[in-house]
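Input: a single structure, listed below in structure tokens.
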Amino acid sequence: LRFNPDMSIEEVGQSIIEKTGEGDESYGLYMDGKVGVRKAKWLKKDKTLQSYDLKNGEEVSWKSRNRPIKVKLMDGTVKTVMIDESS
């Protein structure tokens, strides 16, 4: 999909949901890092695509920000906790 650089990340997300039917409010745009160039990061909803200095043709991922983590407690029980990877 292609988007106008002046669109906010939130507008891009809504457009992706409308066009593909995939995702919901817990999803976000994730920019993979490039070795020696930039770190991987989640794009903030209130910023525009242009503010992230994305080049034409660069790809970002639309994925869930929530991820389950299993924690084993001292009594041997295992609890699953959802974390927000974008925080």
Worksheet item: Does the stretch 71-84 contain at least one residue that is of a type in the set (Lys, Arg) and at pLDDT 95 or above?
Response: yes
Worksheet item: So which residues in the stretch 62-87 are part of a strand (DSSP E or B), among the hydroxyl-bearing types (Ser, Thr, Tyr) and surrounded by 12 or more Cβ atoms within 10 Å (Cβ to Cβ)?
Response: SER64
Item to complete: Answer yes if at least one residue in the stretch 53-63 is at positive phi and acidic (Asp, Glu), and no otherwise.
Response: yes
Practice prompt. Among the residues of the stretch 7-24, count how many are surrounded by 10 or more Cβ atoms within 10 Å (Cβ to Cβ) and not in a helix (DSSP H, G or I).
Written response: 4
Practice prompt. Would you tally the residues in the stretch 37-48 being open to solvent by less than 70 Å² (accessible area, probe 1.4 Å) and in contact with a Ser or Thr (Cβ under 8 Å, 6 or more places away or on another chain)?
Written response: 2
Worksheet item: Residues in the stretch 25-36 that are open to solvent by less than 50 Å² (accessible area, probe 1.4 Å) and either part of a helix (DSSP H, G or I) or more than 18 Å from GLU85 (Cα to Cα) (or both): how many?
Response: 0
Practice prompt. State the number of residues belonging to the stretch 34-87 that are more than 24 Å from ASP6 (Cα to Cα) and among the basic types (Lys, Arg).
Written response: 4
Worksheet item: From the list LYS47, LYS39, which residue is modelled with pLDDT of 90 or more and not small (Gly, Ala, Ser)?
Response: LYS47
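The values are calculated or read from the model by the stated rules, or taken from the named source; none is laboratory data. Nothing here was measured: the structure is a model prediction, and the numbers come from that model. Quick reminder, even Gly has a Cβ in these numbers, built from the backbone with ideal geometry, and neighbours come from all protein chains shown. Accessible surface is based on the protein model in full, side chains and every heavy atom, while ligands, DNA and RNA are left aside. Shrake-Rupley method; radii C 1.70, N 1.55, O 1.52, S 1.80 Å.
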